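Engineer: First the structure, then my questions, so here it is.
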Amino acid sequence: MACLLLVSLLPGCATVATLDAAKPDAPVVYAGTRLDLYALKGGCCAVERFGTEAPHYAALDLPASLLLDTLLLPFSCAAALGLNLGVSGGL
């Protein structure tokens, strides 16, 4: 049951949303965590800044985004530095 709940919440995760945003000049390193904190502080323009809407449940999403951003840190640092790791998504 917990896995089903996790899978149902994943598309709303701020980290996943920022990965799909692909907005130029948007934050890359800890982007999901930063988006959640931005929403918690009452930020008005998440789409302009991050390329995606902030989650409606940012306080609930924050721990999961922090964990996922930490796991993806090597890839996001490489992307921020402009390194091409040859990783592509999709099937």
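Engineer: Mind listing whichever residues of region 37-67 are modelled with pLDDT of 90 or more and either within 12 Å of residue 17 (Cα to Cα) or more than 16 Å from the chain's Cα centre (by Cα) (or both)?
Structural biologist: Answer for region 37-67, where residues must be modelled with pLDDT of 90 or more and either within 12 Å of residue 17 (Cα to Cα) or more than 16 Å from the chain's Cα centre (by Cα) (or both): just 41.
Engineer: Contact list please: Cβ distance under 9 Å, first residue in region 5-33 and within 13 Å of residue 55 (Cβ to Cβ), second residue surrounded by fewer than 11 Cβ atoms within 10 Å (Cβ to Cβ) and at pLDDT 70 or above, pairs at least six apart or on different chains.
Structural biologist: If the second residue must be surrounded by fewer than 11 Cβ atoms within 10 Å (Cβ to Cβ) and at pLDDT 70 or above, the pairs left are 12/56.
Engineer: Oh, and also: Could you run through region 14-30 and say how many residues are at positive phi and surrounded by fewer than 17 Cβ atoms within 10 Å (Cβ to Cβ)?
Structural biologist: 2
Engineer: Let me ask another. Give just the number: which of (1) at pLDDT below 85; (2) assigned to a helix (DSSP H, G or I); (3) over 10 Å from the mean Cα position of the chain (by Cα) does residue 24 not satisfy?
Structural biologist: (2)
Engineer: If residue 70 passes every condition in (1) among the β-branched types (Val, Ile, Thr); (2) surrounded by fewer than 17 Cβ atoms within 10 Å (Cβ to Cβ); (3) at pLDDT below 80 but one, which one does it miss?
Structural biologist: It is condition (3) that residue 70 fails.
The values are calculated or read from the model by the stated rules, or taken from the named source; none is laboratory data. Since the structure is predicted, the reported quantities are computational estimates derived from the model, not experimental observations. Glycine gets a Cβ as well: all are built from the backbone with ideal geometry, and neighbour counts include every protein chain shown.
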